[in-house]
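Read through the structure below, which is laid out as structure tokens, and then see the notes.
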């Protein structure tokens, strides 16, 4: 079996210990955020998300059960609602616009492994979701994707490439199935469901 990473020596043991302790601390913080995600109060959850580094406005909502990776890499615009049990990855950057409706159980990743590499290293790619996007339940957004303004992603779709403005995509992998028939994107999503 091939060894990955540096071998431990007297010269590098202290930096390796410090790095391992930082990793453990991050994993502990992510566990706390996972527990916070089940507190039935939007205000309390927002406070903890904000303190962990999520750039989140008061007018946006993350429903219960959300999980994160590197919260400080996540930005969420105004009047955006993120459904229950979503996964938000901030290891590259994750930028979610305003008036975005993300349904329950959506997974957004911006890191994946290079399956063609002998070291199976990570490949990072920022994810950008523009204003007025709707993402249906259980959709998966993969690294390096930009979803255009007003686009719609159908339930269960796996998005592997950029989606232009006001297009409707579905399937695995997602493909264009229609154009959105709306000229003026100028609506508000309304208030979040209480206790969720």
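Every read-out reported here was derived from the displayed coordinates using simple, explicitly stated rules and does not represent laboratory data. Since the model is a prediction, treat every value here as computed from it, not as a measurement. Cβ: placed from backbone, ideal geometry, glycine included. Neighbour counts: every protein chain shown.
Give the dimensionless ratio obtained when the Cα radius of gyration of the range 141-196 is divided by 2.2 N^0.38 Å.
1.29
Express in nm, to one decimal, how much length is gained between residue 34 and residue 48 on full extension, taking 0.36 nm for each residue of separation and deducting their alpha carbon distance.
On the way: separation 14, 0.36 × 14 = 5.04 nm, distance 1.07 nm.
Separation in residues times 0.36 nm, less the Cα-Cα distance, equals 4.0 nm.
Could you compute the FRET efficiency for residue 55 and residue 113, with r as their C-beta to C-beta distance and R0 at 25 Å, rounded to 0.05?
0.35
Could you tell me how many degrees, from 0 to 90 and to the nearest 10, lie between the Cα long axis of helix 13-36 and the main elongation axis, the longest principal axis, of the Cα atoms of the chain?
Value to nearest ten degrees: 30.
When the helices in the chain are scored as -39500 (n - 2.57) per DSSP H run of 4 or longer and the sum is shared across all residues, what 222 nm value do you end up with, to the nearest 500 deg cm²/dmol?
-6000 deg cm²/dmol
Ranked highest first by average number of other Cβ atoms within 10 Å, how do 119-129, 9-19, 55-65, 29-39 line up?
55-65, 119-129, 29-39, 9-19
Just need the relative contact order of the chain here, percent rounded to a whole number, with Cα pairs under 8 Å and 6+ apart. Working shown, then result.
Details: 478 pairs, mean separation 25.9, N = 196.
Value for the chain: 13 percent.
Hey, what's the Kirkwood Rh for the range 13-179 if you take every pair of different alpha carbons, in angstrom?
Final number for the Kirkwood radius of the range 13-179 is 16.4 Å.
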